[in-house]
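**Student:** Before we start, here is the structure in question, set down as structure tokens.
The values are calculated or read from the model by the stated rules, or taken from the named source; none is laboratory data. Everything numeric in this text was worked out from a predicted model, so none of it was measured. Cβ atoms come from the backbone with ideal geometry, glycine included; neighbour counts cover every protein chain shown.
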Amino acid sequence: MNRCLVLQPEVQSFIEKCMVAAGAKPSHAKSLADVLVEGDCRGHYSHGLNRMDMYVKDIQTGICSKDGEPVIEKESVATALVNGENVLGPVVGNFCMDLAIKKAKDVGIGWVVAKGSNHYGIAGYYAMQALKQDMIGMSYTNTSPLVVPTRARDCTLGTNPICVAAPANDGDSFVLDMATSAVALGKVELHHRSGDTIPEGWGCDSHGKPSTDPGKVLSGGGLLPIGGCEATGGYKGYGLGMMVEVFCGILAGSQYSKHIRTWKVTDRVANLGQCFVAINPENFAPGFKDRMSDLLTLHRDLEPAEPGTPVLVPGDPERINIKRCKELGGLSYHINVINHMNKVAKTLGVTPELPVDRLLA
């Protein structure tokens, strides 16, 4: 009985109140809460409520601007360079994705990059906004150096997530939302907070050697790229991480690679680079959604290697988690996460705290 149920409106309100108490604008606090709750609903618990204390700290210290709005510095019919003005990442992300979609409606594609941004939650939140307009959406961001490149022992790349979302018929979609590291750091943190070991291939110790001890990964070690070590294809994940850096830090003129501040250290502004793309399929061959539906069905209908474990397509695990949340009537959290965030709320004078009395097996 180490998990408890919290209603979605309770989590939403709790995050908003905590962020406003820390000094954020109410509209900015709501934008952040929307992203974090969506992350938890989709099963990306490493980027949901588990992250709230980081945003609180950024606002409290003033290292992230409490107000202001993103501004366009350079623009063409299909592209834009945005200055996030150091406000909360979700505020920058929403501004940029809205702009990319508008451009895609006008000329078929919108490619927007941002500098001066902050951690923005799950990349999928922004890419999926394009689905509402029957468009393909993409989102990328660089992050603090947490990943050790192939053959190295120092962290020089972020988890640098990528997301591609493409619409199909009847509300179905392809949504690839992943870090270019083997896992997000938050998953290692959750294992550490729960006292569990991590699978081999997730991270390494301070000598660059693979480790299953989350403490060693978090204390002087680092995450491994997708694929793990070189022998199992880790160099491919390493390359994808650098690709994201090209689209984000290099293209936007923000900080990049080891020049980005250390994770959770608020000694200077983050100045992250981010990239948002919208593509209108109507500008290409007709029948895009029909072919997408066929592609998804083709793979879902494959005979599984193990009975009872159907073949899934990107986005299905998240849909399964959303369905489970609806069946439970709320979100399932490890009680340690709830207790930790309630302590944060106490320091802010926020009430009510999140409930811990709806225990789940």
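**Student:** Here are Asp290, Asp357: which of them is more than 30 Å from Met135 (Cα to Cα) and either touching an Asp or Glu at 6+ places or on another chain (Cβ under 6 Å) or in contact (Cβ under 8 Å) with a residue 40 or more places away in the chain (or both)?
**Tutor:** Asp357
**Student:** Please count how many residues of the stretch 15-67 are more than 20 Å from Ile338 (Cβ to Cβ) and touching a Gly at 6+ places or on another chain (Cβ under 7 Å).
**Tutor:** Count: 3.
**Student:** Separate question: Can you name every residue in the stretch 38-50 that is outside any helix (DSSP H, G or I) and crowded, with 24+ Cβ neighbours inside 10 Å?
**Tutor:** Arg42, His44, Gly48
**Student:** Considering each of Asp267, Asp196 in turn, give the residue that is more than 26 Å from Tyr125 (Cβ to Cβ), in contact with a helix residue (DSSP H, G or I) (Cβ under 8 Å, 6 or more places away or on another chain) and outside the structural domain of His44 (by TED's automatic domain parsing).
**Tutor:** Result: Asp196 is the single residue among Asp267, Asp196 that is more than 26 Å from Tyr125 (Cβ to Cβ), in contact with a helix residue (DSSP H, G or I) (Cβ under 8 Å, 6 or more places away or on another chain) and outside the structural domain of His44 (by TED's automatic domain parsing).
**Student:** Turning to a different aspect of this structure: Just need a number here: residues in the stretch 168-195 that are at pLDDT 95 or above and among the charged types (D, E, K, R).
**Tutor:** 3
**Student:** Of everything in the stretch 128-171, what is within 22 Å of Val92 (Cα to Cα), under 15 Å from the mean Cα position of the chain (by Cα) and not in a strand (DSSP E or B)? Give them in sequence order.
**Tutor:** The answer is Met128, Gln129, Asn142, Thr143, Ser144, Gly158, Thr159, Asn160, Pro161.
**Student:** Does the stretch 309-332 contain at least one residue that is assigned to a helix (DSSP H, G or I), more than 16 Å from Asp40 (Cα to Cα) and of a type in the set (Ser, Thr, Tyr)?
**Tutor:** So far as the stretch 309-332 goes, no, none of its residues is assigned to a helix (DSSP H, G or I), more than 16 Å from Asp40 (Cα to Cα) and of a type in the set (Ser, Thr, Tyr).
**Student:** Looking at Lys115, Lys74, Lys57, Lys102, which is the one that is more than 30 Å from Asp290 (Cβ to Cβ) and free of Cβ contacts under 8 Å to residues at least 60 places away in the same chain?
**Tutor:** One residue alone meets the criteria, Lys74.
**Student:** Can you tell me how many residues within the stretch 1-37 are surrounded by fewer than 20 Cβ atoms within 10 Å (Cβ to Cβ) and part of a helix (DSSP H, G or I)?
**Tutor:** The number of residues fulfilling the criteria is 12.
**Student:** Scan Val112, Val56 and give me the residue that is β-branched (Val, Ile, Thr) and farther than 18 Å from Gly273 by Cβ.
**Tutor:** None of the others qualify; the one that does is Val56.
**Student:** Right, Val350: buried (at least 19 other Cβ atoms within 10 Å of the Cβ), under 25 Å from Leu88 (Cα atoms) and modelled with pLDDT of 95 or more or not?
**Tutor:** yes
**Student:** Same structure again: Out of Glu230, Glu282, Glu200, I need the residue that is of a type in the set (Asp, Glu) and touching a strand residue (DSSP E or B) at 6+ places or on another chain (Cβ under 8 Å). Which one?
**Tutor:** Glu200
Residues are listed down the side, and each one gets a yes or a no for (1) among the β-branched types (Val, Ile, Thr); (2) assigned to a strand (DSSP E or B); (3) closer than 20 Å to Tyr45 by Cβ:
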| position | (1), (2), (3) |
| --- | --- |
| Asp177 | no, yes, yes |
| Val188 | yes, no, yes |
| His191 | no, no, yes |
| Ile198 | yes, no, yes |
| His207 | no, no, no |
| Gly215 | no, no, yes |
| Gly220 | no, no, no |
| Met242 | no, no, no |
| Glu245 | no, no, no |
